[in-house]
Amino acid sequence: MALVTYIPRVFPFLLLSGRKLPDLVISWLRYVPPAVLAALLLPSLLFSDGQLFLSADNLFLWAAIPTFAAAILTRNLFVPVLIGMLVVIVGRLLI
Amino acid sequence: MSNHQNQPRIKGLPASLNGIVIALPVILGYLPVGFAYGVLAEKAGLSAVNTLLMSIVVFAGSAQLIAVGLFSAGIEPLTIILTTFVVNLRHMLMSAALSPYLQGWRKRELAWFAYELTDETFALHATRLPEDGVSRTETFAINAAAQAAWILGTLLGVVGGRLVTDIEPLALDYALPAMFIALLVMQLNRKTEVAVAVVSGLCSVGLYLAGWDQWHVIMATLVGATFGVVVEKWIK
């Protein structure tokens, strides 16, 4: 785990000698973060215990709305997390 | 490079302490999320030692949460490692973006800085490093304060995890999806990126339904990123 975390972080510094990656590769790499995050996110919202959970009872899906809003408005990493968790806490108390 | 001081520094305070001042928003964020990570790790069956070690040695907040979440879902280690690698690839671009400001640093300092690089500290450094005469001590102080907060949060979570019998009332199981949302939104700066996210997300769901429950994330990412460059070329 440590290795796969550290290697991407240190790799560019090792290339400080000025060698540049091909533009196509750089473009492709820039799309990896939104792609991988969406690929991780959507199943976690839509599936419960391995089953598709597309109902009004899906609290995670509902809570995603204020979480997204908070993320867009604050551009902060932790405020949306705290807000999302708060919404789920309240949601669970109400159900 | 700008001379404009846009950091909340306190006059007369040594660089190391000002580092902590600047890092405060990150510290305040890392404590609860580190706590969530600690509790989830404990629930997933990770030993306290391993959980803490990850925060000390790996120090990648989102990757740790993702790994613990995947681990809880019973996904095999190889996928977790690959997913961690792919999720952390963005750090490669962050490092590349900051490297012009770290010219002249010793190899040892660069190695240390790279190890401490996270999304949140990157955001801080991206605004302050372009300033003239930025203190290296302050830079390291920021990173140290951030990691200390993360480790402390983890420790509290590991200890508190024993007391938390049910994660649901505290919504700790939502920390991970919420973090994905926040990270995703930060990545959506261009229309093409939104399109990529949609394509990749749907692919991931589709592949999961088709039974690819171990590899859906990586395959969807490859499809999504490739879709992105194809669309980009097509638009031009």
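The values are calculated or read from the model by the stated rules, or taken from the named source; none is laboratory data. Fair warning: this is a prediction, and the values are worked out from it, not measured in the lab. Cβ: placed from backbone, ideal geometry, glycine included. Neighbour counts: every protein chain shown.
Would you call B:THR139 polar (S, T, N, Q), crowded, with 21+ Cβ neighbours inside 10 Å, more than 9 Å from chain A (Cβ to nearest Cβ) and under 27 Å from A:PRO43 (Cα atoms)?
no
Given the criteria at negative phi and assigned to a helix (DSSP H, G or I), does B:LEU82 qualify? Answer is yes for this residue.
Residues in the range B:105-121 that are surrounded by fewer than 22 Cβ atoms within 10 Å (Cβ to Cβ), among the hydrophobic types (A, V, I, L, M, F, W, C) and not in a helix (DSSP H, G or I): B:TRP105 alone. Taking the criterion of being in a loop (DSSP other than H, G, I, E, B) and modelled with pLDDT of 75 or more, the residues of the range B:44-79 that qualify are B:ALA44, B:GLY45, B:LEU46, B:SER47, B:PHE59, B:ALA60. Being in contact with a Phe, Trp or Tyr (Cβ under 7 Å, 6 or more places away or on another chain) and either more than 21 Å from A:VAL90 (Cα to Cα) or at pLDDT 80 or above (or both) holds for only one residue in B:MET219, B:MET186, and it is B:MET219. Among the residues in the range A:21-33, are any farther than 27 Å from B:LEU209 by Cβ, in a loop (DSSP other than H, G, I, E, B) and at pLDDT below 80? Checked the range A:21-33: at least one residue is farther than 27 Å from B:LEU209 by Cβ, in a loop (DSSP other than H, G, I, E, B) and at pLDDT below 80.
Selection of the range A:38-58 for residues being more than 14 Å from the chain's Cα centre (by Cα) and within 21 Å of B:LEU70 (Cβ to Cβ) yields A:LEU46, A:PHE47, A:SER48, A:ASP49, A:GLY50, A:GLN51, A:LEU52, A:PHE53, A:ASN58.
Pairs linking a residue in the range B:125-151 that is free of Cβ contacts under 8 Å to residues at least 60 places away in the same chain and over 16 Å from B:ILE56 (Cα atoms) to a residue that is surrounded by 16 or more Cβ atoms within 10 Å (Cβ to Cβ) and among the charged types (D, E, K, R), with Cβ atoms under 8 Å and 6 or more positions apart or on different chains, are B:VAL134/B:ARG128. Within the range A:58-86, restricting attention to residues that are touching a Phe, Trp or Tyr at 6+ places or on another chain (Cβ under 9 Å) and more than 8 Å from chain B (Cβ to nearest Cβ), the residue that is surrounded by the most Cβ atoms within 10 Å (Cβ to Cβ) is A:LEU59. Can A:GLY91 be described as at the interface with chain B (Cβ under 7 Å from one of its Cβ atoms) and part of a helix (DSSP H, G or I)? It is false that A:GLY91 is at the interface with chain B (Cβ under 7 Å from one of its Cβ atoms) and part of a helix (DSSP H, G or I). With respect to being in contact with an Asp or Glu (Cβ under 9 Å, 6 or more places away or on another chain), in the same structural domain as B:ALA114 (by TED's automatic domain parsing) and under 29 Å from B:GLY38 (Cα atoms), B:GLY153 falls outside the description.
Within the set B:VAL68, B:VAL33, B:VAL57, the sole residue that is among the β-branched types (Val, Ile, Thr) and surrounded by fewer than 22 Cβ atoms within 10 Å (Cβ to Cβ) turns out to be B:VAL57.
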